[in-house]
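Below: one structure, written as structure tokens.
The values are calculated or read from the model by the stated rules, or taken from the named source; none is laboratory data. Only a predicted model underlies this, so the values are computations on that prediction, with no experimental measurement involved. Here the Cβ is made from the backbone with ideal geometry for all residues, glycine too, and neighbour counts use every protein chain on show.
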Amino acid sequence: MSNIINSYKKDLSSISDSMVPSQLLDSKYEVYINNLITEAEKEGKNSSAYLNDLDMIYHFIHYSTNIHKDKQRKNNTRKSYLREIMYFCKTLTEKAETFEISYEEIKQENSFLKALKPWNIRKYNEWIKSVPYGRNNKPYAVATLARKLTIINSFLLHLYKNEYISIPLHEHLKKATVQVNDRPNRDLYYDEVQEILNYYKSKQQLFNYMIILLLVSTGLRIQEVANARMGDLFRAEGKLWLRVIGKGDKPREAYISPHLFECISEYRSRKGLKTQLNRLDNSPLIVSNHLRKFNSTYLSNKVTSILSQARIPCVEQRENPITAHTFRHGFAIMAAENDVELLRIQQTLGHASANTTKIYLEKHMKRKHNAALSFADQLG
């Protein structure tokens with residue numbers, strides 16, 4: 001294998017190993033990139049003339065058409081995009097022969113991305129749809145595949161629009177369309193929730209009981225739970241509420257039931273933390289055993305692990321594992337079962353679109369409105 005591909009591979013490996021390299025996520029380099037673009041344009045060249053492959057990855061991650069910073073991509077989105085793009089590039093370099101990528105072309109272009117051809121992308125299509133890198137060493141789930149391909153497509157389109165590449169490679173990348181049956185079943189019902197809560201109550205496992213009650217009774221995202229502080233609790237209209245910052249930095253409020261607050265207070269007391277409402281208390285609402293704020297990914301994995309070990313029929317017999325996100329679906333279904341209108345459920349969950357809320361309720365509503373329910377029980 002040529003030195004140039006090895007060199008490129010080494011650069012990508014050093015970046016991919018850190019997963020979210022600070023230099024590619026740091027917005028301060030935007031000025032430097034923009035200066036290179038401006039210089040090229042002044043000289044009558046295309047805007048990407050002085051940019052290399054990593055510059056273009058950086059430019060894609062940080063690019064926005066919106067002048068307002070709060071409307072631009074959030075840091076977690078940038079991390080996700082960067083992770084997928086670096087993995088895409090690393091895969092192509094490590095399997096260059098499989099994808100028939102020309103080393104001579106890379107050397108000639110002095111660029112890996114510029115050397116890519118339509119047949120390389122077509123071979124990537126075949127590879128990614130069957131590679132056993134999904135759950136339980138199976139191919140990627142359709143939803144996962146759709147997310148990955150959407151990001152890669154956007155990246156290739158960005159390269160083409162900015163004239164970094166001359167071939168519209170994005171046109172050769174296939175899409176994955178998510179149908180209703182492709183989505184994992186995340187439906188969770190009141191009886192199942194009670195069975196899970198009763199299980200942990202009987203075992204006197206306070207943290208397990210509390211975190212599940214918190215997730216299912218508020219509908220909060222796991223990131224919102226991990227980021228919540230004691231000082232975010234407040235009383236209004238005779239009720240206890242929790243201020244959270246959701247997706248897109250949108251603030252909203254979650255209702256905290258008296259029983260849930262009792263559990264939170266008991267947990268904090270056992271950790272030696274204060275339980276009185278105080279807006280100046282910046283301690284995490286839920287702390288780890290080391291009295292630190294939970295990393296949201298760690299907390300999410302912890303919830304999944306807790307439930308995977310539970311000897312409960314409704315857990316053991318499920319086709320898909322119960323995760324922290326499953327409880328958001330459970331919240332939506334239980335609200336719908338109590339005749340809460342769609343708009344209220346959408347607002348409480350912090351969904352930007354009612355279509356997302358409808359997805360949560362799709363299977364449930366089809367059963368609820370099944371025509372057979374109007375007469376089948378009366379037959380015979």
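Residue check: is Leu299 within 24 Å of the chain's Cα centre (by Cα) and either among the small types (Gly, Ala, Ser) or part of a helix (DSSP H, G or I) (or both)?
On the way: within 24 Å of the chain's Cα centre (by Cα): yes; either among the small types (Gly, Ala, Ser) or part of a helix (DSSP H, G or I) (or both): yes.
Taking the combined requirement at face value, the residue satisfies it.
When segment 358-367 is examined, which residues are found to be under 23 Å from the mean Cα position of the chain (by Cα), crowded, with 16+ Cβ neighbours inside 10 Å and within 18 Å of Tyr190 (Cα to Cα)?
Correct list: Tyr360, Leu361, Lys363.
Quick check on Tyr160: is it outside any loop (DSSP other than H, G, I, E, B), assigned by TED's automatic domain parsing to the domain that holds Asn75 and of a type in the set (Ser, Thr, Tyr)?
Details: outside any loop (DSSP other than H, G, I, E, B): yes; assigned by TED's automatic domain parsing to the domain that holds Asn75: yes; of a type in the set (Ser, Thr, Tyr): yes.
When the stated conditions are applied, Tyr160 passes them.
Filter segment 319-350 for residues that are outside any helix (DSSP H, G or I) and surrounded by 18 or more Cβ atoms within 10 Å (Cβ to Cβ) and give the result.
Ile322, Thr323, Ala324, Gly350
Could you grab me the full set of residues in segment 64-85 that are farther than 18 Å from Asp53 by Cβ, among the charged types (D, E, K, R) and not in a loop (DSSP other than H, G, I, E, B)?
Answer for segment 64-85, where residues must be farther than 18 Å from Asp53 by Cβ, among the charged types (D, E, K, R) and not in a loop (DSSP other than H, G, I, E, B): Lys69, Asp70, Lys71, Lys79.
Within segment 126-143, work out how many residues are under 23 Å from the mean Cα position of the chain (by Cα) and either in contact (Cβ under 8 Å) with a residue 60 or more places away in the chain or under 24 Å from Pro168 (Cα atoms) (or both).
Summing the residues that are under 23 Å from the mean Cα position of the chain (by Cα) and either in contact (Cβ under 8 Å) with a residue 60 or more places away in the chain or under 24 Å from Pro168 (Cα atoms) (or both) in segment 126-143 gives 2.
Taking the condition of being surrounded by fewer than 21 Cβ atoms within 10 Å (Cβ to Cβ) and more than 12 Å from Ile286 (Cβ to Cβ), how many residues in segment 194-208 meet it? Write out each step before concluding.
Start the filter on segment 194-208 by keeping residues that are surrounded by fewer than 21 Cβ atoms within 10 Å (Cβ to Cβ), which leaves 194-195, 197-199, 201-207.
If we keep only those that are more than 12 Å from Ile286 (Cβ to Cβ) too, we end up with 194-195, 197-199, 201-205.
Final tally of qualifying residues: 10.
Within segment 369-378, is even one residue surrounded by 10 or more Cβ atoms within 10 Å (Cβ to Cβ) and either in contact with a Phe, Trp or Tyr (Cβ under 8 Å, 6 or more places away or on another chain) or not hydrophobic (A, V, I, L, M, F, W, C) (or both)?
Yes: segment 369-378 contains one or more residues that are surrounded by 10 or more Cβ atoms within 10 Å (Cβ to Cβ) and either in contact with a Phe, Trp or Tyr (Cβ under 8 Å, 6 or more places away or on another chain) or not hydrophobic (A, V, I, L, M, F, W, C) (or both).
Among the numbered criteria (1) over 19 Å from Asn295 (Cα atoms); (2) in a helix (DSSP H, G or I); (3) not assigned by TED's automatic domain parsing to the domain that holds Leu156, which single criterion is violated by Glu171?
Tallying (1) over 19 Å from Asn295 (Cα atoms); (2) in a helix (DSSP H, G or I); (3) not assigned by TED's automatic domain parsing to the domain that holds Leu156, Glu171 fails exactly one: (3).
Give Glu100, Glu84, Glu109 a once-over and let me know the one that is acidic (Asp, Glu) and touching a residue at least 24 places away in the same chain (Cβ under 8 Å).
That would be Glu84, the only listed residue that is acidic (Asp, Glu) and touching a residue at least 24 places away in the same chain (Cβ under 8 Å).
If I filter segment 45-81 down to residues being without any contact (Cβ under 8 Å) to a residue 24 or more places away in the chain and either in contact with a Leu (Cβ under 8 Å, 6 or more places away or on another chain) or of a type in the set (D, E, K, R) (or both), which single residue comes out as surrounded by the most Cβ atoms within 10 Å (Cβ to Cβ)?
So, considering only residues that are without any contact (Cβ under 8 Å) to a residue 24 or more places away in the chain and either in contact with a Leu (Cβ under 8 Å, 6 or more places away or on another chain) or of a type in the set (D, E, K, R) (or both), the one surrounded by the most Cβ atoms within 10 Å (Cβ to Cβ) is Asp55.
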